[in-house]
Amino acid sequence: MQSCSRVLLLTCFSVLLIAPLMLPGCSPTPSSPRAIGQPPARAPSFVAWKSETVLEASHGDALRGLLLAKRCDHCHGSEGFSANANIPNLAGMERLAFWKEMEDFASGKRNSEVMSSIAAPLTRQDSADLAAYYSMLPTAADPLDRQAFPQAATPAAQSASAGRLIVLGDVGRGIPPCQACHGPVGFKTGAPSLAAQNADYVLRQLRDFASGARANDINMPMRSIAGLLTEEERQALAGYYGSGLGRLPASAVLPK
Amino acid sequence: MSGEAIGARRARARTAVLQMLIVLLIVGTPLAMTRFYEFDSPLWRALMGHRRVDPETLHLQGEFVENNLGTAREADGSYTLRMIAQQYMFVPHCVRIPAGVPVHLRLTSADGAHALTIVGLDFLLKAAPTSVTQATLRIAHAGVFPMPCAEFCGPGHLAMNARLEVVPAERFQNLQPTDRVNCAVP
Ligand SMILES: [Cu+2]
């Protein structure tokens, strides 16, 4: 009985001890002052990375994807490398990024006349299957194939400035390094690898993000970044990725 | 062994176990508190009066949809500034507020833990997924301040740096109730 009361006492003490520790952590979430006056929501994309969506988008059937992909070949290439530098390469593209772009084309959140009409009749499952197939294609292009990638090497000075942005970003302007979201260092959900992407396409996307013509990035990372880049930097970055340098560790092109 | 001895032993064992539990409580609770910002259970939220904000659907619903971010003017003349922290940037990445007036900064995170600081001012506001953190800013003088993230959040953390422009109150634009202002492009 005596030990029991001692335990009770100890418990009381410890609770008293812990209570003040908890207080500074309690940042109450005050409810929003008001909801009136809030403009109607404008959604950049209807895709949200809930766990069930991630599951749905990443568990496609690659074999079914292979069959569906027949009608994509004449633009995106039979190996996922297109013959026209203005059309994106799809070989090795991350499944989630692929799936999201298809959904956005279908919903009109990403504008493209050709792709919207192609994506609209496809089901979510079709897109997941296509994503599974394209994500498995090797990112090293067959040199005998008709393809635009890789393009001519960019001048060393340009690739050095692009390399710096890719590895370090720009702390002063608040531009995070591309490789933290586009790989190889880190991948943000829904961000595709750019290592085997065509220069013309990358440049057009960067310009479209900057002008707002493409506005389907969730929470606007790319609209913000592309808007902070100068036109020379956009060209240098596009040239860097388009010439295949993105497949090397970027430190290889940084000045020593 | 006599029944009495067994009883005494049992009692000792019980006390030992209870004391161990208490030590665990004392050591474990503060440790759990350091993870406070990731702490998320319906009971805890009810106790603390938190409303959950869903980090995956910030762009679809609620007060953090992209066209509600930035500075808004309230009916009572005060200002509210809403921002999202995410790997590896704050959005809007450039915000503008009037000088000398209280501005309620409301912040949430789309992914992990971040912390918004303002260089030159003694200011830090943590950002956490599922909850909103709020602090009131009242900056007397106009100026431009960098707003770096002070919580390591991954390989892009060092460049996570937004910009705060404080403009004289009389030069700050007259905002209608549905207007939101920032200095980010586009
Ligand atoms: Cu951060």
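The values are calculated or read from the model by the stated rules, or taken from the named source; none is laboratory data. The structure displayed is predicted, hence computed values, not measured ones. Positions of Cβ are backbone-derived with ideal geometry, glycine not excepted, and every protein chain shown enters the neighbour counts. To get the accessible areas, we keep the full protein, side chains included, count just its heavy atoms, and leave off ligands, DNA and RNA. Shrake-Rupley method; radii C 1.70, N 1.55, O 1.52, S 1.80 Å.
See the values below:
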item	result
Qualifying positions in the stretch B:118-152 - farther than 21 Å from B:Val167 by Cβ and loosely packed, with under 15 Cβ neighbours inside 10 Å	B:Asp122, B:Leu124, B:Phe152
Flag if B:Arg73 is open to solvent by 20 Å² or more (accessible area, probe 1.4 Å) and modelled with pLDDT of 95 or more	no
Among the candidates A:Leu67, A:Leu96, A:Leu90, residue that is within 21 Å of A:Leu194 (Cβ to Cβ) and open to solvent by 30 Å² or more (accessible area, probe 1.4 Å)	A:Leu96
Selection from the stretch A:174-220 of residues that are under 9 Å from the mean Cα position of the chain (by Cα) and either assigned to a helix (DSSP H, G or I) or among the hydroxyl-bearing types (Ser, Thr, Tyr) (or both)	A:Cys181, A:His182, A:Thr189, A:Ser193
The stretch B:127-163: number of residues that are assigned to a strand (DSSP E or B), within 10 Å of the ligand (Cβ to nearest atom) and more than 7 Å from every other protein chain (Cβ to nearest Cβ)	3
Residue satisfying all of: in the stretch A:112-171; among the acidic types (Asp, Glu) and in the same structural domain as A:Arg71 (by TED's automatic domain parsing); surrounded by the most Cβ atoms within 10 Å (Cβ to Cβ) among these	A:Asp129
Unique match (being within 27 Å of A:Gly169 (Cα to Cα) and either touching a residue at least 24 places away in the same chain (Cβ under 8 Å) or open to solvent by 30 Å² or more (accessible area, probe 1.4 Å) (or both)) among B:Ala99, B:Ala115	B:Ala115
Residue in the stretch B:140-153 that is of a type in the set (Gly, Ala, Ser) and in contact with a Ser or Thr (Cβ under 7 Å, 6 or more places away or on another chain) present	yes
For A:Ser224: the one exception among (1) crowded, with 23+ Cβ neighbours inside 10 Å; (2) touching a residue at least 12 places away in the same chain (Cβ under 8 Å)	(2)
Number of the exception - B:Arg171 against (1) more than 11 Å from chain A (Cβ to nearest Cβ); (2) charged (D, E, K, R); (3) within 16 Å of the ligand (Cβ to nearest atom)	(3)
Within the stretch A:63-164, helices (runs of 4 or more DSSP H) holding 3 or more residues that are in contact with a Lys or Arg (Cβ under 8 Å, 6 or more places away or on another chain) and small (Gly, Ala, Ser)	A:124-136
Test for A:Lys50: is it touching a residue at least 24 places away in the same chain (Cβ under 8 Å) and under 23 Å from A:Lys188 (Cβ atoms)	no
Meets criteria (outside any strand (DSSP E or B), within 11 Å of the ligand (Cβ to nearest atom) and facing chain A (nearest Cβ under 9 Å)) for B:Asp111	yes
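Okay, residues lined up against (1) at the interface with another protein chain (Cβ under 9 Å from one of its Cβ atoms); (2) among the polar types (S, T, N, Q):
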| position | (1), (2) |
| --- | --- |
| A:Pro150 | no, no |
| A:Val171 | yes, no |
| A:Ala236 | no, no |
| A:Ser243 | no, yes |
